[in-house]
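The values are calculated or read from the model by the stated rules, or taken from the named source; none is laboratory data. Please read all numbers here as calculations on a predicted model, not as lab measurements. Positions of Cβ are backbone-derived with ideal geometry, glycine not excepted, and every protein chain shown enters the neighbour counts.
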Protein chains: 2
Amino acid sequence: MNSAADQAIETIQREMTSFARRARALAGRLHPELSLVSYTLLGHLEESGGCRATDLADHYALDKSTVSRQVAVLEREGLVERRQDTADQRVQVLQLTDAGRRILGRVTDRRRAAVGERLSGWSEEDLARFASYLRRYNAGGPGDVPAAPDA
Amino acid sequence: MNSAADQAIETIQREMTSFARRARALAGRLHPELSLVSYTLLGHLEESGGCRATDLADHYALDKSTVSRQVAVLEREGLVERRQDTADQRVQVLQLTDAGRRILGRVTDRRRAAVGERLSGWSEEDLARFASYLRRYNAGGPGDVPAAPDA
DNA sequence: ACGTTCTGGTTGCAGAATACAACCACGAGC
DNA sequence: GCTCGTGGTTGTATTCTGCAACCAGAACGT
């Protein structure tokens, strides 16, 4: 099958890859104080309103050991805190601290500004459509839970 | 300023970030024989039809030392070859070998299949539009970072 | 109750990717 | 011919990562 759809898929996979490739460097330049990993972990904590380390690992396809270490760093920096779950003593519920929320907010602002600048010439309609495509792409996918469109 | 456009930009930056975060793991699962880095470097060589290491570094916002080492690996594996530029003895033009082209093709196929599966429910029109948005976004200034207004 | 298995998490270890700085070689301009 | 800029490599240190081994608490079966 070599249709127009195929062409589009080829382009999508190439452009998404290209973007991903640059993302780390972008994060490094835009907010050296919060690595791309840390940023996304904090972001997920905010979105989810607190979750377990395992959830983070699943969500980002990381090994639980990696998450464990990353979280340890974030905790040492006072950006997240862990609370033992009362029901299950194994579980540590992770949550943003106020400091974490503050830093996350600052970094998000800066990122949004950067992205916004890049999107400055776009019409509101295009922006909305692009956003919805991205959300749909990330949400969808086999092997991935259809993810409640809550947040 | 909290317009619809702002909302869209917020979403775009979040979703792009989320995607980038997973990309490495995806590559690891999908084609362990070719890391995300190697894949993108080979991809750029194919697209460009051969270029210098410096071009790769610029394009992906990598340090030239990083590229140098990555290319060394790819050369050792016989996937790229370097030719001294006749005009400028400093320059090494990098090009895919047949083996490199073969592997790149295989991996691209696999990636396209994965992406395609994720996009299976999409209309042809949506695919085309999504692709064009991504291309437009990535093309937005090879100067790369939209120059953080903060720093 | 007790042992087995499962789940959430940490730690030891090793490998890969990366940046920065120092360096070498060549080319260009004065 | 010097000096400076450019393309590339190498030394060094850091960070991210996965895998495997491990520990502790829960769940389940007998």
Discussion item. Quick check on B:Leu56: is it within 25 Å of A:Arg24 (Cα to Cα), assigned to a helix (DSSP H, G or I) and more than 9 Å from DNA strand D (Cβ to nearest atom)?
Written reply: no
Response to the item:
If we keep only residues of the stretch B:84-102 that are under 19 Å from the mean Cα position of the chain (by Cα) and of a type in the set (Lys, Arg), then the residue surrounded by the most Cβ atoms within 10 Å (Cβ to Cβ) is B:Arg101
Practice prompt. Check B:Glu46 against each of (1) within 14 Å of DNA strand C (Cβ to nearest atom); (2) within 14 Å of another protein chain (Cβ to nearest Cβ); (3) assigned to a helix (DSSP H, G or I) and name the one condition it does not meet.
Written response: (1)
Worksheet item: Could you say which residue among B:Gly78, B:Gly100 is in a helix (DSSP H, G or I), more than 14 Å from every other protein chain (Cβ to nearest Cβ) and not basic (Lys, Arg)?
Response: B:Gly100
Worksheet item: Looking at the stretch B:51-93, which of its residues are touching a residue at least 12 places away in the same chain (Cβ under 8 Å), within 18 Å of A:Arg21 (Cα to Cα) and of a type in the set (Gly, Ala, Ser)?
Response: B:Ala53, B:Ala61, B:Ser68
Practice prompt. Determine whether A:Ala57 is within 14 Å of another protein chain (Cβ to nearest Cβ), within 11 Å of DNA strand C (Cβ to nearest atom) and within 19 Å of A:Arg111 (Cβ to Cβ).
Written response: no
Worksheet item: Of all residues in the stretch A:75-86, which are more than 8 Å from DNA strand C (Cβ to nearest atom) and touching a Leu at 6+ places or on another chain (Cβ under 7 Å)?
Response: A:Leu79, A:Val80
Response to the item:
Checked the stretch A:98-128 for anything β-branched (Val, Ile, Thr) and under 14 Å from A:Ser38 (Cα atoms); matches are A:Ile103, A:Val107, A:Thr108
Worksheet item: When only residues in the stretch B:7-41 that are small (Gly, Ala, Ser) and away from DNA strand C (no atom under 16 Å from the Cβ) count, which is farthest from the other protein chains (Cβ to nearest Cβ)?
Response: B:Ser18
Item to complete: Would you be able to say whether some residue in the stretch B:45-61 is in contact with a strand residue (DSSP E or B) (Cβ under 7 Å, 6 or more places away or on another chain), exposed (fewer than 14 other Cβ atoms within 10 Å of the Cβ) and modelled with pLDDT under 95?
Response: no
Worksheet, complete the sentence: Of the listed residues (B:Ala25, B:Ala5, B:Ala72), the one being at pLDDT 90 or above and hydrophobic (A, V, I, L, M, F, W, C) is B:Ala72
Worksheet item: Looking only at the stretch B:70-109, which residues are polar (S, T, N, Q) and away from DNA strand D (no atom under 11 Å from the Cβ)?
Response: B:Thr86, B:Gln95, B:Thr97, B:Thr108
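Here is a yes/no grid of residues against (1) outside any helix (DSSP H, G or I); (2) more than 7 Å from every other protein chain (Cβ to nearest Cβ); (3) exposed (fewer than 13 other Cβ atoms within 10 Å of the Cβ):
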{"position": "A:Arg82", "(1), (2), (3)": "yes, yes, no"}
{"position": "A:Leu104", "(1), (2), (3)": "no, yes, no"}
{"position": "A:Arg111", "(1), (2), (3)": "no, no, no"}
{"position": "A:Ala114", "(1), (2), (3)": "no, no, no"}
{"position": "A:Ser120", "(1), (2), (3)": "yes, yes, yes"}
{"position": "A:Leu134", "(1), (2), (3)": "no, no, no"}
